[in-house]
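I have placed the structure first, in the form of structure tokens, so that the comments after it can refer back to it.
Where a number appears in this text, it was derived from the coordinates with a stated rule and is not lab data. None of the values given here were measured: they were computed from a predicted structure. Virtual Cβ from ideal backbone geometry, glycine too; neighbours counted across all protein chains shown.
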Amino acid sequence: MRYICCLLLSIAFAVHAADVPTKRYFPDNPRLVVLFQEDQDDRHGFPNTKRTYEEINERDEARRQEILMLLTRGKVRTAQDYFYSAIIFHHGQTNDHYRTASSLAWIAATLDPKPKYLYESASTWDRMMLKRDQPQWYGVQPKHGENFKQIGFYPINDTAVTDEERVRFQIKPRARLMAEPDQPARWPPEATEPAPNGARPQSNKPRH
């Protein structure tokens, strides 16, 4: 895992030094589109999914291993590639999974600061902090009650980031999060956009 993190950092520095959009040189990897769509399909209807959670966990691990292989072969190149990879690692179970997801999401947002990439960067960071038994920074991660209804947010570190930073990452200011405990943290709300390479159109917000 340390090797992968070092690899991600070296790629990020190389791309940043070039200071040009990666799509000028590389197309999006169609295999990652397939993996992302499988990830989302497995979670369709959550918590009432077609597959058991055990089956989904096994499929998640297979997808993570394939992404690690693609990374070592230099096949994850564009912002979309990193974003889709981040989503898949975001669905892991360990702190290393969430750490990798956060790194991948940040590279995506650095290459192309689209709202959904910035939001995913904050979301993965908050999940990593919660996994480490620490308060989240931005306030993305919600608590759920009966019937998976949102009832609030996990504890938030009030000094880690400012409201200006939250807004940059598409998150409501702290006071508004507390005033709307049953509403998603993201603002403005995500919109549906055409899916790439023939995939089905879907919301900018992946299924977490």
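Before moving on, here are some points about what is shown:
- Look at the dipole of region 22-74 built from charges on Cβ: of GLN37, GLY74, TYR25, the Cα furthest out on the positive end belongs to TYR25.
- Most tightly packed first, judged by the mean number of other beta-carbon atoms within 10 Å of their residues, the peptides 68-80, 85-97 read 85-97, 68-80.
- Close amide-amide hydrogen proximity is noted between PHE153 and LYS143, each under 5 Å apart and 5 or more residues distant or on a separate chain (H modeled in the peptide plane; Pro and chain starts excluded).
- Here the Karplus curve 6.51 cos²θ - 1.76 cosθ + 1.60, taken at θ = phi - 60°, turns the phi angles of region 153-168 into couplings of 10, 5, x, 10, 6, 6, 10, 6, 9, 8, 5, 4, 5, 4, 4, 4 Hz, with x standing for Gly and Pro.
- Over region 57-124, volume per residue of the alpha carbon convex hull, in Å³: 69
- In terms of distances greater than 22 angstrom between alpha carbons, the cross-link table entries LYS50/LYS172; LYS116/LYS172; LYS50/LYS131; LYS50/LYS114; LYS149/LYS172 yield LYS50/LYS172; LYS50/LYS131; LYS50/LYS114.
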